[in-house]
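All of the numbers you see were taken from the coordinates with simple rules; none came from a lab. Here the structure is a predicted model, which means the values were calculated and not measured. No Cβ is skipped: glycine too gets one built from the backbone with ideal geometry, and neighbour counts run over all protein chains shown.
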Amino acid sequence: MKVVINENERGFIFKNGRFLRMVEPGKHRVSSLFGETCLKTEISKEATVKGIDINVLLRDEKFSSSITKIEVPDVHCALHFEDGRVAEALGPGAHYFWNVFHKHTFQLLDVSKPQVELPKEMMSVVPLRLYSKIEVPEGETGLLFFDSKFQRQLESGSYYFWNGSVKVFCQLVDLRTQQLDVSSQEILTADKVTLRLNFVCKYRITDAVRICTLLKDYKDQTYVTTQLALREYVGRLKFDELLEQKDSIAGIVLEKLREKQSGLFVEFIDAGLKDIILPGEIRDIMNTVLIAEKNAQANVISRREEVASTRSLLNTAKLMEENSTLYKLKELEYLEKICDKVGNISVGNGDLLGSLKELMKH
């Protein structure tokens, strides 16, 4: 029986189930009478023959010279290059590739060390199970830990680490300006008035490494420090003093916070007092006082206008007393006003309004 092996194939001759040899492309005679068979396989990237142990095939010199072998040790992986271009990453174990049409080369990588020393474009061929990717956004920094021990600080960007025996962890810290709200703080003033304050401040972290390694829950500690500084200052003021100084409270508290910012590894930038919320009974009293003040101001203005009007009348009367002509003119002025506003006045059979108009013409 003749068997034709194509250019992209190899043939494997067996006799009574035992492997004899590998044959290359061409025509070959196989004697079925003597129990010979031929198994053809297509040359693909990986050198395997279905159902046959590779160690059996390696006994044949032609086969062994037609393949390339790579042994990848434990805690390692290998980058597989085909004709100089990266093709894939190989895990631990033995790998065999046909070297008939392509040249295969390899680069061993030690994954027992967490840091990946590869260009980012090569990571696309590495199986995801072999590494972890850490993203540090813009405006933030990353604190890198190996087995819970701090290693270094990462700037914004992408980083890759092998999933080996070392546990890799990255803590992200925001370096941008942050807002801290201290809301609904019930504070007792020096004269025992209970009120609520809403306070806000802005800060930014100045030392990410020390704030995370030396302080536990730094956000809580920053909040409590701000809260205590506010309560300490406001608690010393009487209620009336608090209302008088409400515009300057934020600046004073901000200065107190800046005195403590070095121990918190932050910088306080700005602060403001948003609201002063009074109890219901105090608010009613304040409204009553305000109404009384406004009424008093209105009475003062009314009295001032009455005095000015009386003084004006008095001055007019003195001038009229001293000057008879002025007195006469004033009479005529009032007569003119009466005539303009009254249609006619009749007394008996005479027309009084007409007589007055005639009198005013002379």
How about segment 134-222: which trypsin sites (Lys or Arg not before Pro) there lie in a loop by DSSP and see at most 10 other Cβ atoms within 10 Å? 176, 192, 216
Under a crude label model (7 Å from the Cα following the beta-carbon direction), how far is residue 238 from residue 36 in nanometres? 12.0 nm
Please sort by residue number the chymotrypsin sites (Phe, Trp or Tyr not before Pro) in segment 71-113 whose DSSP state is loop and whose Cβ has at most 16 other Cβ atoms within 10 Å. 101
For every other residue with a beta carbon closer than 14 angstrom to the beta carbon of residue 147, add +1 if it is Lys or Arg and -1 if Asp or Glu, then tell me the sum. +3
Which entries in 219/274; 219/256; 45/113; 40/69 show an alpha-carbon gap greater than 23 Å? 45/113
By how many nm would the segment from residue 135 to residue 188 lengthen if fully extended, with 0.36 nm per residue of separation less the alpha-carbon distance? 14.3 nm
The relative contact order of segment 157-216, taking Cα pairs under 8 Å that sit 6 or more residues apart, comes to a percentage of 30 percent
Could you check the simple spin-label distance between residue 120 and residue 311, using points 7 Å along Cα→Cβ, in nm with one decimal? 8.3 nm
Please compute the length gained on full extension between residue 56 and residue 255, using 0.36 nm multiplied by the number of residues separating them and subtracting their Cα-Cα distance. 63.4 nm
Based on the Cβ-Cβ distance of residue 16 and residue 103, what FRET efficiency does E = 1/(1 + (r/R0)^6) give at R0 = 30 Å, to the nearest 0.05? 0.20
Using a simple spin-label model with points 7 Å from Cα along the Cα→Cβ vector, what separation in nm is obtained for residue 202 and residue 267? 1.3 nm
Could you work out the local net charge near residue 238, counting Lys and Arg as +1, Asp and Glu as -1, over the other residues with Cβ closer than 12 Å to its Cβ? -2
